[in-house]
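The values are calculated or read from the model by the stated rules, or taken from the named source; none is laboratory data. The shown structure was predicted, so the numbers you read here are calculated from the model rather than taken from an experiment. Here Cβ is always computed from backbone atoms with ideal geometry, including for glycine, and neighbour counts include all displayed protein chains.
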């Protein structure tokens, strides 16, 4: 009987404590509408105004102007590096390392999987 009374008391206490808190929770949708009705900053409008300005920066044009100058053309340098005859063959280097007494990680991984 004591357990039942204590359980009932705990539930009642919880209800008394939780009920006012649930009614006190703010209505965020209403608060948002009130803020929008005030003279709050409308970021969408400001963004659109900034996009519509006539003095906006044309990055493609700036890039072309920089390429026309004596600026470094990274696309060209990359292509030159790819076309070099002495480029590194990483597959060959990997095979050479495997032929040495280097650790064969593929074999090590396989051994570990088989042990498990």
Quiz item: Tell me, which helices (runs of 4 or more DSSP H) wholly within the range 27-116 include 3 or more residues that are more than 35 Å from the chain's Cα centre (by Cα)?
Solution: 90-99, 105-115
Quiz item: Is there any pair with a first residue in the range 77-98 that is more than 30 Å from residue 67 (Cα to Cα) and a second that is assigned to a loop (DSSP other than H, G, I, E, B) whose Cβ atoms are under 7 Å apart and which are 6 or more apart or on different chains, and what are they?
Solution: 98/104
Self-check item: Subset tally (residues that are at pLDDT 80 or above and under 30 Å from residue 107 (Cα atoms)) for the range 55-94
Solution: 4
